[in-house]
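I have a structure here, written as structure tokens, and I will follow up with some questions on it.
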Amino acid sequence: MKREIYDETHEDFRASFRSFVTTEIVPHHEKWEEAGRVDRDMFAKAGELGFLGMAVAEEYGGLGQDDFRFNVIIGEELQRAGVIGSGMCITLHNDVVLPYLMHATDDDQRRRWLPKMVTGEIMGAISMTEPGTGSDLASIRTTAARIEDSWVINGAKTFVTNGLNADLYVVAAKTDPGQKRKGISLIAVEDGTEGFTRGRHLDKIGLRSQDTAELFFDDARVPAANLIGGEGKGFSILMQNLAQERLGLSASAISACRTALGHTVDYCAQREAFGQRVLDMQNTRFKLAELAARFDSVEMLFDRLVLRHNNGEVSGHDAAKAKLLTTELQQDIVQLGVQLHGGYGFMREYPIARAYLDAPIQTIFGGTNEIMREIIGRTLESDYGFAATGGRS
């Protein structure tokens with residue numbers, strides 16, 4: 001089905017970014033997959049060509065183009081080329097980290113960090129998850145104590161995307177350990193801070209070129225001016241930004257669905273068994289037809305939410321629905337794709353096998369899909385109950 005959310009400007013941007021992916025990422029992807037991280041030169045080139053911080057205001061070096069459709073196109077093109085792991089440093093930087101530094105900072109902080117985040121001189125990371133806490137952000141144990149003109153941070157983080165390559169980390173810490181949510185604050189920790197060290201380079205089964213690491217803070221002393229958004233405001237800021245993060249994950253997932261479905265249909269159209277194309281077998285057609293119908297309906301929902309997000313109208317549970325539906329569909333499509341490829345589906349030289357390895361994390365990061373169900377479940381009465389809707393059906 002033809003998508004209606006893009007205009008000529010978006011398609012011109014797509015063509016430019018597709019060219020960037022073809023020349024700057026695809027030729028190096030396998031090497032970066034083996035190394036477990038990308039070269040920073042690629043990230044700097046993305047900044048040079050205007051693919052970083054498009055939404056940042058012009059006074060801080062950006063384009064002032066606060067249209068999430070450009071972010072979506074980046075995710076789509078990375079999935080289309082099968083290099084989402086190598087490009088995730090860009091999507092995380094744009095979709096997840098930058099909103100904290102654009103909307104929760106003061107002018108001095110924006111002038112310090114945003115221009116270099118636009119050029120690619122600074123790569124950002126968000127540091128929330130801790131060993132043993134997972135999606136339970138209110139239970140983090142990392143602490144930050146105010147001592148004179150500094151915050152002194154102690155604790156550990158894990159599963160930090162861009163953990164090895166980043167220069168600036170937005171760290172969630174307890175500035176009031178006696179509180180849960182109200183005790184959390186956000187502090188920017190810069191590379192080179194004394195007492196801050198990177199831990200293990202985590203060995204993942206998929207998205208291998210996207211560097212993921214542990215972080216450790218041992219009396220890491222950070223200037224008081226690096227506090228983001230005010231003391232005790234961290235949890236509410238995190239909640240405000242998670243909607244866009246989950247839409248970004250949904251963008252990647254829905255594009256992964258289209259790509260995996262395309263590879264599978266093409267393979268089944270070319271492969272013959274028992275004297276006919278696999279695609280002409282009724283069981284194959286029926287299974288693929290069901291997934292195609294689900295894909296079209298989920299993509300329409302996603303596109304609607306993207307436009308609403310541009311108007312500031314997407315709630316946390318709207319984004320949770322998008323993340324749940326797109327990532328669950330991604331699992332179903334890649335699993336069937338592997339099955340229909342037969343033994344070749346287990347070979348890494350085939351795109352469907354690599355998609356299969358990259359897919360499982362989608363239902364985990366950004367909040368597990370179990371958490372998404374919990375978020376959606378809390379709105380059932382108010383959104384769907386007859387008492388709340390005045391008996392409308």
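Read-outs: derived from the displayed coordinates by stated rules, not from any lab. Only a predicted model underlies this, so the values are computations on that prediction, with no experimental measurement involved. Backbone-built Cβ (ideal geometry, glycine too); neighbour counts: all protein chains shown.
Could you name the aspartates and glutamates in cross-link range of K233, using Cα to Cα under 12 Å and dropping any fewer than eight places away on the same chain?
D176
Considering only the other residues whose Cβ falls under 12 Å of the Cβ of V152, what net charge follows from Lys and Arg at +1 and Asp and Glu at -1? Don't skip to the answer; put the middle values down first.
On the way: positive: R146, R221; negative: E148, D149, E194, D218, D219.
Net of charged neighbours comes to -3.
What does the highest-first list of 33-41, 2-10, 348-356 look like by mean Cβ count within 10 Å?
On the way: 33-41: 16.8, 2-10: 10.8, 348-356: 18.6.
Descending mean neighbour count gives 348-356, 33-41, 2-10.
Within segment 337-369, whose backbone N sits under 20 Å from a point 7 Å along Cα→Cβ of E30?
Under 20 Å, as judged by backbone N against the label point of E30, lie 344-358 of segment 337-369.
What does the C-alpha gyration tensor say about the overall shape of segment 14-159? Classify as rounded when a/c is under 1.5, otherwise prolate if a/b is larger than b/c, or oblate. It would help to have the intermediate numbers written out before the result.
Working: a/c = 2.12, a/b = 1.38, b/c = 1.54.
Oblate is the answer for segment 14-159, as a/c is 1.5 or above yet b/c matches or exceeds a/b.
Within a Cβ distance under 12 Å of R80, other residues only, what is the Lys/Arg minus Asp/Glu net charge? Write down the numbers at each step before the final one.
Working: positive: R14, R18, R258; negative: E76, E77.
Once all neighbours under 12 Å are counted, the net charge is +1.
Filter the cross-link list K31/K116; K116/K157; K31/K323; K157/K204 down to pairs whose alpha-carbon distance in this structure exceeds 19 Å. Intermediate results must be reported in sequence, preceding the final value.
Values: K31/K116 27 Å; K116/K157 25 Å; K31/K323 30 Å; K157/K204 17 Å.
Where the Cα-Cα span goes over 19 Å, the pairs concerned are K31/K116; K116/K157; K31/K323.
Just check the chain against the gyration tensor rule for me: Cα atoms, a ≥ b ≥ c as the square roots of the eigenvalues, rounded for a/c under 1.5, and otherwise prolate or oblate depending on whether a/b exceeds b/c.
Prolate, because a/c is 1.5 or more and a/b exceeds b/c.
Could you check the spin-label model distance between L49 and T119? Points 7 Å from the Cα along Cα→Cβ, value in nm.
For L49 paired with T119, the spin-label model returns 2.0 nm.
For every helix of n ≥ 4 consecutive DSSP H residues, a contribution of -39,500 (n - 2.57) applies; sum these over the chain, divide by its total residues, and give [θ] at 222 nm rounded to the nearest 500 deg cm²/dmol. Before the final figure, lay out the partial values.
Numbers: 14 runs with 187 residues, N = 393.
Calculated from helices alone, the mean residue ellipticity at 222 nm is -15000 deg cm²/dmol.
Same structure again: With a 10 Å radius around each residue's Cβ, average the other Cβ atoms per peptide and rank 219-227, 124-132, highest first.
124-132, 219-227
Between F346 and A224, what FRET efficiency comes out of the Förster formula 1/(1 + (r/R0)^6) with R0 = 45 Å and r the beta carbon distance, rounded to 0.05?
Numbers: r = 54 Å, r/R0 = 1.20.
Calculated transfer efficiency: 0.25.
Another one. Using 7 Å Cα-to-Cβ label points, what is the A293/D66 separation (nm, one decimal)?
4.1 nm
Still on this structure, please answer the following. If you fit an axis through the alpha-carbon atoms of helix 316-341 and take the longest principal axis of the Cα set of the chain, what angle between them do you get, 0 to 90°, nearest 10?
The angle comes out near 40 degrees.
Right, next: If you take the beta carbon distance between E272 and H103 as r and set R0 to 45 Å, what does 1/(1 + (r/R0)^6) give as a FRET efficiency, to the nearest 0.05?
On the way: r = 56 Å, r/R0 = 1.24.
With R0 = 45 Å, the Cβ-Cβ based efficiency is 0.20.
If you stretched the chain out fully between D280 and A138, how much longer would it get, using 0.36 nm times the residue separation minus the C-alpha to C-alpha distance?
Details: separation 142, 0.36 × 142 = 51.12 nm, distance 5.27 nm.
45.9 nm is the gain from fully extending D280 to A138.
Taking the alpha-carbon centroid of each part, what is the distance from segment 1-60 to segment 177-247 in angstrom?
25 Å
Given charges of +1 on the Cβ of Lys and Arg and -1 on the Cβ of Asp and Glu, with all other atoms neutral, how large is the dipole of segment 126-232 about its Cα centre, in debye to the nearest 20?
On the way: 12 positive and 15 negative charges, 95 e Å.
It works out to roughly 460 debye.
Another question, then. Want the number for D12 to D39: 0.36 nm per residue separation, take away the alpha-carbon distance, what's left?
On the way: separation 27, 0.36 × 27 = 9.72 nm, distance 2.64 nm.
Contour length minus Cα-Cα distance gives 7.1 nm.
Taking amide H positions as placed 1.01 Å from N in the peptide plane, with prolines and chain starts having none, which residues 5 or more places from W151, or on another chain, fall under 5 Å of its amide H?
V222, A224
If the only charges are +1 at each Lys and Arg Cβ and -1 at each Asp and Glu Cβ, what is the size of the charge dipole of segment 8-122 around the Cα centre, to the nearest 20 debye?
240 debye
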